[in-house]
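In what follows, a structure is listed as structure tokens, so that the remarks can point back to it.
The values are calculated or read from the model by the stated rules, or taken from the named source; none is laboratory data. What you see is a predicted model; the values in this text were computed from it and never measured. Note that we place each Cβ from the backbone using ideal geometry, even for glycine, and neighbour counts take in every protein chain shown. These accessible areas exclude ligands, DNA and RNA; they are computed on the full protein's heavy atoms, side chains included. Shrake-Rupley method; radii C 1.70, N 1.55, O 1.52, S 1.80 Å.
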Amino acid sequence: QFLDRVIAHSALGWVGCANELNAAYAADGYARIKGAGALLTTVMQSSSASVGVLQALSSTGAITFGNAVPMIMGQNIGSCTTALLSSVGANKSARRTAMVHLYFNVIGSVVFLVLFYTLNSIFHFSMMGEPVDRVRIALVHTGFNLAATAFMLPLSGFLEKLANWTIPDSAAEQ
């Protein structure tokens, strides 16, 4: 049913990969939706482009707010793939920088989702089952990035230590 609506929508003829997206939305659990967002962003190598695809898909009315939130978090995590791939074969500082980017998005997404779903369990957000629109997708994406930056900025020393632990100095450098 979801795929039929996507294919029938004239504005979405260019999307092409609807079967993979349909499988992600049909699957139980937000982790799979988050993974679909990460995979889409990995393939496109741009969270902004994959957010644009999500916005286009939202015009069908088939994407709920509850499905869009973990997809957006996955898109942010997927944006790390480009930096991680670029750091292969690069110097230690470049690899550490890519790891900080990954940790920033993973930790930020986990904290955001735990907070969001905790608040939802208390206040029962009415918009969770409603179709999401383009503006709400943009607001969640921007809001997450601003909130994650505000949350993680004081933890920059921790992120640096985590990156140094992940990519340690060689014995010769110590």
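Brief remarks follow.
- Flag for Gly66 being open to solvent by less than 30 Å² (accessible area, probe 1.4 Å), of a type in the set (Gly, Ala, Ser) and under 12 Å from the mean Cα position of the chain (by Cα): no
- Matching residues, region 23-50, being within 18 Å of Ala62 (Cα to Cα) and at pLDDT below 75: Ala23, Ala24, Tyr25, Ala26, Ala27, Asp28, Gly29, Tyr30, Arg32, Ile33, Lys34
- Taking (1) aliphatic (A, V, I, L, M); (2) free of Cβ contacts under 8 Å to residues at least 12 places away in the same chain; (3) closer than 30 Å to Ile63 by Cβ in turn, Ala138 satisfies each apart from (2).
- Check on Ile77, assigned to a helix (DSSP H, G or I), closer than 16 Å to Thr142 by Cα and at pLDDT 90 or above: yes
- Cβ-Cβ under 6 Å pairs, at least 6 apart or on other chains, region 58-77 side within 17 Å of Phe144 (Cβ to Cβ), far side in a loop (DSSP other than H, G, I, E, B) and open to solvent by less than 10 Å² (accessible area, probe 1.4 Å): Ser58/Val132; Ile63/Val132; Phe65/Val132; Ala68/Val132
- Among residues of region 45-57 being free of Cβ contacts under 8 Å to residues at least 12 places away in the same chain and closer than 22 Å to Ser86 by Cα, the one that is least open to solvent (accessible area, probe 1.4 Å) is Ala49.
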